[in-house]
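Presented below is the structure to which this report refers.
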Amino acid sequence: MNSILSTPIKFLDGIGEKNAEYLLKYLNISTYKDLLHYFPYKLIDRSKFYTISELNTGLAEIQLIGKITEFKEVKGQKGSSRLVAIFEDKTGILELVWFKNYSWIQSKVKTNEEIVVFGRIQSFGNKFSVSHPEIEKLESFKLKTKTLEPVYSIPETFKSKRISSKTIQKWINTILTKINFEIDDFFSEEFKNNYGLIGRYDSFLKIHFPQNLIQLNEAENRLKFEEFFFFDLSLKQRKIYNKKKNISYPFTNIGHYVNDFYTKHLPFKLTNAQIKVIKEIRNDLRSEYQMNRLLQGDVGSGKTIVALISMLIALDNNYQCCLMAPTEILANQHFTGISKLVNPLNINIKLLTGSTNKKERNYIFENLENGEIKILIGTHALIEDTVKFKNLGLSIIDEQHRFGVQQRAKLIKKNKKLPHNLVMTATPIPRSLMKTVYGDLDLSIIDELPTGRLPIKTFHKKNSHRLEVISFIKSQILIGRQIYVVYPLIEESSTLDLMDLMDGYESLSRDFPLPEYKISILHGKMKPADKAYEMERFIKGDTQIMVATTVIEVGVNVPNASVMVIESSERFGLSQLHQLRGRVGRDSNQSFCILMTKDKLSDEANTRIKTMVRTNDGFEIANVDLQLRGPGNVLGTEQSGVLPFKLASITKDQSIFNLAQKAVDFILTEDINLDLEKNKKLKYYLQKTISKQTYWSTIG
Ligand code: ADP
Ligand code: MG
């Protein structure tokens, strides 16, 4: 099937071993098919001609018909030289210039011969020139009836190897001529009709050499559909497969831990959303197959209690649990908070971080292995090889955006069987992205904040209005509330940012003098013990203001804090701003977020600030973020590689994505293993071509 497309590229006429090597090394192209999937990044309209009199500085690439009247070689400084040709048409004159490798030109192009010139124009004063133009005799140009010409992106090193966009174009043309419709399509005629798709060969032809934009559109549509279709198909198959394969521990009991806690020690009434997701988790845990669930809930929606109840279920079934947090502060906070909540239940809980001393570590290692410790909370110290559980049944990761895929995998691996697996995130990812990136995780969403919460009021204040802000802060402190003031720290090592923070701290100390006011300070350069100490003072209310860098971004919970001042907020991304704002508004009092900026803002910064002022909805904010920055940036470099699309965009091609998903569901409902005759080709193509991806749930 499709054998011609798997032909190694070196067998193509005119390519040869060397070029084939380069293609493999720099573009990862090894077969005909790979080359056909190397799509042009733009098309140039070669049907459009200008006259010299029409040229203006606003044009980039131009095409002219005329003739060269004269060549002259011009010597420059330091022995350099260039070839200049005077080119004219009926309306004027311009210069064509070659700075190097021009010995062949005069033998190929004669003066006074009608030629087509194509290239990028430059202007010096009111004179125009074109450097290193493409030149073709008018006669042969006419024969080819050119319209839209594909342009391929070319690695820098190819220039010295004489592989240009034109060369690629020629090779692709050779392949297309050679296979001439003789390729199999994995989509049946009926399927193509149903979903409005053109044939496979057609799509290659029209993506590389469209006659017009309609053809291009048809080709893109088909190829994008294909990308989405196989992506979704492989995810869904994987999910089905995992469900059957990853054996875990069925937690069938609900015993005294859960019951006691639920009836006697629950500190508040759960929201309906919390009850709903606990049910979803409970259902997963009950089965003998591994749970792989993503718990998504906006900041402050109450994920911690859900995690705790899940852990109590594991305990009722005599299994151990662990909870991993991305920072020591957070791990500490979880440890303190959870210990307090379950204090009456008498559970052995321990904390393991980089700062845990040797004696305590040894105690922990020993008692984890013998099963005495039931819950272990910590940072990535949990995934060190020395940490061995007796029977880890449930692993929970909080705010997993901070962890790499690999780290998470390691945690899962800590057992012979696979422990159940809950990942909690507050980073609001647009639903479309969520599906593509965590598509193999089941999703639980807490879409409701605890009742009685007032929406945080957000204001934008320019530096020139600082005095207002200070008096506002004083009024809040007067009624007993606490304040965060956050400074950007783009890189951990940025000394400049640290100086900003220190300056800010000093000027705040002047505005809020001792003994009336007390200020804590927190930044990444401090020792963990000092951080913990400062955090503790703020939590206890000993200090009213916490000056910090983004180390407090994730998860910190001080419900009495009511004002979040973000300095130089134009330097923060949307999701970070949203996270930071989520540190306030954690009880039933009115909270505020004040976004300080310099006076003049870029358009993008302006959009970010406006969005924050307008809405508290994490999903809406995430969508704006996605529009502004694109999926790769939203997910961070580490995870952007997860998106396997060359052509399709999950932001712009949402409707194609939806259609492709529908098609997949339709097929899988009828034929889950793709065994029917009509689906054989799909199965084959899926197995053969979909490259191995890192799946969240299966790395373990
Ligand atoms: P997050 O989802 O951001 O991790 P937390 O679990 O830290 O949120 O909860 C935020 C705050 O809301 C905490 O102070 C917590 O005690 C409180 N909380 C959680 N659930 C409820 C509820 N159902 N009713 C009232 N307060 C709640
Ligand atoms: Mg949290």
For the range 288-313, pairs from a residue that is without any contact (Cβ under 8 Å) to a residue 60 or more places away in the chain to a residue that is open to solvent by 10 Å² or more (accessible area, probe 1.4 Å) and within 15 Å of ligand 1 (Cβ to nearest atom), with Cβ under 6 Å and 6 or more apart or across chains, are Ile309/Ile278
Among residues belonging to the range 282-309 that are assigned to a helix (DSSP H, G or I) and within 13 Å of ligand 1 (Cβ to nearest atom), point out the one that is farthest from His256 (Cα to Cα). Lys303
When Ser588 is evaluated against the numbered criteria (1) of a type outside the set (Lys, Arg); (2) within 16 Å of ligand 2 (Cβ to nearest atom); (3) part of a loop (DSSP other than H, G, I, E, B), which criterion, by number, is the only one it fails? (2)
Of the residues Leu12, Leu83, Leu24, Leu64, which is modelled with pLDDT of 90 or more, open to solvent by 20 Å² or more (accessible area, probe 1.4 Å), of a type outside the set (Ser, Thr, Tyr) and out of contact with any Cys (no Cβ under 7 Å at 6 or more places or on another chain)? Leu24
Kindly indicate the residue of the range 245-281 that is closer than 26 Å to Glu448 by Cα, surrounded by fewer than 17 Cβ atoms within 10 Å (Cβ to Cβ) and of a type in the set (S, T, N, Q) and also nearest to ligand 1 (Cβ to nearest atom) among those meeting that condition. Asn272
With respect to the numbered conditions (1) within 16 Å of ligand 2 (Cβ to nearest atom); (2) at pLDDT 95 or above; (3) among the basic types (Lys, Arg), which one is the sole condition not fulfilled by Arg581? (2)
Enumeration of residues in the range 172-227 that are of a type in the set (Val, Ile, Thr) and over 25 Å from Ile650 (Cα atoms): Ile172, Thr174, Ile175, Thr177, Ile179, Ile183
Counting only strands (runs of 3 or more DSSP E) wholly inside the range 328-407, the ones holding at least 3 residues that are within 30 Å of Asp298 (Cβ to Cβ) and within 16 Å of ligand 2 (Cβ to nearest atom) are 392-398
Among Val584, Val613, which is the only one that is touching a strand residue (DSSP E or B) at 6+ places or on another chain (Cβ under 6 Å) and either open to solvent by 40 Å² or more (accessible area, probe 1.4 Å) or among the charged types (D, E, K, R) (or both)? Val613
Being within 12 Å of ligand 2 (Cβ to nearest atom) and not in a strand (DSSP E or B) is the filter; apply it to the range 317-327 and report the residue that is most open to solvent (accessible area, probe 1.4 Å). Thr327
I need the full set of residues from the range 493-551 which are touching a residue at least 24 places away in the same chain (Cβ under 8 Å) and β-branched (Val, Ile, Thr), in order please. Ile519, Ile521, Thr543, Ile545, Val547, Thr549, Thr550, Val551
Looking only at the range 539-556, and only at residues there that are within 26 Å of Ala307 (Cβ to Cβ) and not in a loop (DSSP other than H, G, I, E, B), the one that is nearest to ligand 2 (Cβ to nearest atom): Ile552
Glu536 meets each of (1) loosely packed, with under 15 Cβ neighbours inside 10 Å; (2) in a loop (DSSP other than H, G, I, E, B); (3) not polar (S, T, N, Q) with one exception, condition (2)
Does Ala314 qualify as being more than 12 Å from ligand 1 (Cβ to nearest atom) and either modelled with pLDDT of 95 or more or crowded, with 21+ Cβ neighbours inside 10 Å (or both)? yes
Quick check, is Thr458 within 30 Å of Thr271 (Cα to Cα) and touching a strand residue (DSSP E or B) at 6+ places or on another chain (Cβ under 9 Å)? yes
Which one of the conditions (1) under 18 Å from Thr425 (Cβ atoms); (2) within 13 Å of ligand 1 (Cβ to nearest atom) does Thr336 fail to meet, given that it meets all the rest? (1)
The lone exception for Pro559 - which of (1) away from ligand 2 (no atom under 16 Å from the Cβ); (2) open to solvent by 10 Å² or more (accessible area, probe 1.4 Å) it fails: (1)
The range 292-313: number of residues that are in contact with a His (Cβ under 9 Å, 6 or more places away or on another chain) and more than 10 Å from ligand 2 (Cβ to nearest atom): 4
Which one of these does Lys108 not meet: (1) within 29 Å of His208 (Cα to Cα); (2) open to solvent by less than 80 Å² (accessible area, probe 1.4 Å)? (2)
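The values are calculated or read from the model by the stated rules, or taken from the named source; none is laboratory data. No experiment lies behind these values; they were computed from the predicted model shown. Quick reminder, even Gly has a Cβ in these numbers, built from the backbone with ideal geometry, and neighbours come from all protein chains shown. The area values use the complete protein model at the heavy-atom level, side chains included, leaving out ligands, DNA and RNA. Shrake-Rupley method; radii C 1.70, N 1.55, O 1.52, S 1.80 Å.
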